[in-house]
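Just below is one structure, and these are the notes that go with it.
Read the figures in this text as sums done on the coordinates, not as results from a lab. Values in this document were obtained by computation on a predicted structure and should not be read as measured data. Backbone-built Cβ (ideal geometry, glycine too); neighbour counts: all protein chains shown.
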Amino acid sequence: MTDERTANAVDKRIGQRVRTRRLEISMSQERLAELLGVTFQQVQKYEKGVNRIAASRLFDISAALDMPVARFFEGLTGGRAAAGVAEPREAYASDVLTTPEGAQLVALFASIDSPRVRRRVVELVRALAEEAADAGKRG
């Protein structure tokens, strides 16, 4: 039997969404912690899914991040018995912002004014992703 207070896959996804939104609005963990009246270490634990976020705390987080509570749950499926959290493949695209490299890549891409250059960047990334997938299949 599992401890009901232990964080699970849903807690991790919600934590990732907290981090993504915080980064979207350029808010530091320290600032969010200050708004919530907790330590920045607690915010880190929420974002990593180590600690569960209580409903009242999630309500406070949604207000601090100016984001509806429901958005934390969008696209999540599966019940208590589910081993993981099922989401459409496209939902993972938003997770790119949870990594420093992903956030940097998005910021740099957004700074490119030329539609032609943007298309070329997408073609390059697609080719690299296909190469990585092929390499993974080979060994």
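The string of couplings for region 128-134 from the Karplus curve (6.51, -1.76, 1.60, θ = phi - 60°) is 5, 5, 5, 4, 5, 5, 5 Hz, one whole number per residue in order, with x for Gly and Pro. Our note on the geometry: Cα centres of region 96-139 and region 8-84, 27 Å apart. Near N51, the amide H atoms lying under 5 Å from its own belong to Y46; only residues 5 or more places off or on other chains count, and H is placed 1.01 Å from N.
In summary, the convex hull built on the alpha carbon positions of region 99-139 has an orientation-averaged projected area of 3.3 nm². Label positions at L105 and S28, each projected 7 Å from the Cα along the C-beta direction, are separated by 2.8 nm.
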